[in-house]
Amino acid sequence: MKFLDLNAQYRTIKNEIDKEIKKVINSSSFILGKYVEKFEKEIAKYIGVKYAVGLNSGSDALTASLVALGIGKGDEVIVPCSTYISTVEAVCIVGAKPIFVDIDINTYNINPNLIEKAITEKTKAIIPVHLYGLSSDMKLIIRVAKKYKIKIIEDCAQAIGAKYFGKKVGSFGDIGCLSFFPTKNLGAYGDAGMIVTDNKKIADFIKKWRIHGQNKKYYTEFVGASSRLDGIQAAILSVKLKYLDKWNKKRNEIAQYYLENIKNDDIILPIIPKGYFHVFHQFTIRFKKHNRDLFQKKLEKKEIPSIVYYPLPLHQQKAYKFLNTKKHYINSELVSKSVLSLPIYPELNKKNQDEIINELNNI
Ligand SMILES: *Cc1c(COP(=O)(O)O)cnc(C)c1O
């Protein structure tokens, strides 16, 4: 059994994908170009915003967003303490200081009630991360952001298609960041990322930023980067976008089956708060008695794959020791020791899922 079987998905759309790749090669539209423009339009429409700008990766989308908002040295940016490294790394790359805020123990997302306390006169932005495919509590986040006039950059890398009271994530903040890393719900066959926004100035800035800050070829306005989406990835993603809602629905069916059939008093199952559409990038369970590692070993023996997202909270990572955050972030620390993600992808078959459930119920 595999934790994720990307080839199983490819087999269901192989003809379409292969045809599109050939078209791109025949047209030599390799970097940016018409396939990228087409996909940008499709994503903007899908998320419900005016502009989308294709980039090299989700990590670059975060960096570009911070640069576009003028955030740098001397500024502070609020981030959840439990997320993928990129979120915090981007803040450091632009020279700003990440300010960690602990997560809510039930949703694993930033605890909106702790944000206000973390705000200082240096705070310029907050990056809510919609972790595992579940939207953060945007109503509360927007309320604090408005009160203190700080920007919102949504990290939607794990949550494309997720909704918060009917509206898609990525459409709430000043900028939304998407990743099309192959394992994401909408995955390319290589690296790819994108920003989405309703702000034309931001979109125009990032369109230049991705080509070295150039307004026209070989004339550069500001220090930018080399971060372009390529035509082959865009063409592949255009094909896959047509199936995304169906795949996200399938993930929900698989999640529902887990929720109904995992019966073990040691295990806390993920929740779907009212008004949220979860896209289950991960199906993450938590062990009450902190015996996660033991469970994982037992699953391993039965050849059932599982992954810990993430084993070490950011404030405890070697790279970020220099930030000198002496504080404890209780929930982030607790979660890193007790969570476990189970296989969940649209092509996961019932037989395998039953095996996983049986093992979990019998340990
Ligand atoms: C995957 C991911 C990213 C980074 O995306 P890449 O395309 O791999 O650079 C950023 N934030 C989160 C939460 C992610 O899961």
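Some values worked out for this structure:
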read-out: The range 276-306, residues that are part of a strand (DSSP E or B) and either in contact with a Gly (Cβ under 8 Å, 6 or more places away or on another chain) or open to solvent by 60 Å² or more (accessible area, probe 1.4 Å) (or both); value: F277
read-out: Any hit, the range 149-156, residues being in contact with a helix residue (DSSP H, G or I) (Cβ under 8 Å, 6 or more places away or on another chain), over 19 Å from P98 (Cα atoms) and within 16 Å of the ligand (Cβ to nearest atom); value: no
read-out: Scope the range 102-148; condition touching a residue at least 40 places away in the same chain (Cβ under 8 Å), within 16 Å of the ligand (Cβ to nearest atom) and among the aliphatic types (A, V, I, L, M); matching residues; value: I103, A125, I126, I127, V129, L131, L134
read-out: Scan of the range 41-95 for residues that are crowded, with 24+ Cβ neighbours inside 10 Å and assigned to a loop (DSSP other than H, G, I, E, B), ordered by number; value: C81, S82, T83
read-out: Condition met for A192 (within 20 Å of the chain's Cα centre (by Cα), within 15 Å of the ligand (Cβ to nearest atom), open to solvent by less than 10 Å² (accessible area, probe 1.4 Å) and of a type in the set (A, V, I, L, M, F, W, C)); value: yes
read-out: Residue that is farthest from P80 (Cα to Cα), among those in the range 157-168 that are among the aliphatic types (A, V, I, L, M) and within 12 Å of the ligand (Cβ to nearest atom); value: I160
read-out: Filter result for G176 (within 13 Å of the ligand (Cβ to nearest atom), at pLDDT 95 or above and surrounded by fewer than 18 Cβ atoms within 10 Å (Cβ to Cβ)); value: no
read-out: Candidate set from the range 240-271 (those that are within 20 Å of S338 (Cβ to Cβ), touching a residue at least 24 places away in the same chain (Cβ under 8 Å) and open to solvent by 40 Å² or more (accessible area, probe 1.4 Å)); member that is farthest from the ligand (Cβ to nearest atom); value: K263
read-out: Where Q9 falls short, out of the listed (1) at pLDDT 95 or above; (2) open to solvent by 50 Å² or more (accessible area, probe 1.4 Å); value: (2)
read-out: Residue within the range 331-354 that is surrounded by 15 or more Cβ atoms within 10 Å (Cβ to Cβ), without any contact (Cβ under 8 Å) to a residue 60 or more places away in the chain and closer than 26 Å to G187 by Cα present; value: yes
read-out: The range 1-52, residues that are acidic (D, E) and farther than 28 Å from I206 by Cβ; value: D5, E16, D18
read-out: Those residues of the range 43-94 which are near the ligand (Cβ under 9 Å from one of its atoms), touching a Ser or Thr at 6+ places or on another chain (Cβ under 6 Å) and farther than 21 Å from A188 by Cα, in sequence order; value: A90
read-out: Selection count where residues are among the aliphatic types (A, V, I, L, M) and within 24 Å of V79 (Cβ to Cβ), scope the range 278-325; value: 7
read-out: Of the criteria (1) touching a helix residue (DSSP H, G or I) at 6+ places or on another chain (Cβ under 6 Å); (2) modelled with pLDDT under 95; (3) not in a loop (DSSP other than H, G, I, E, B), which one T325 fails; value: (3)
read-out: Looking only at the range 126-161, and only at residues there that are within 8 Å of the chain's Cα centre (by Cα) and in a loop (DSSP other than H, G, I, E, B), the one that is nearest to S179 (Cα to Cα); value: A157
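The values are calculated or read from the model by the stated rules, or taken from the named source; none is laboratory data. What you see is a predicted model; the values in this text were computed from it and never measured. Note that we place each Cβ from the backbone using ideal geometry, even for glycine, and neighbour counts take in every protein chain shown. For the accessible areas, the whole protein counts, side chains as well, though only heavy atoms, and no ligand, DNA or RNA atoms are used. Shrake-Rupley method; radii C 1.70, N 1.55, O 1.52, S 1.80 Å.
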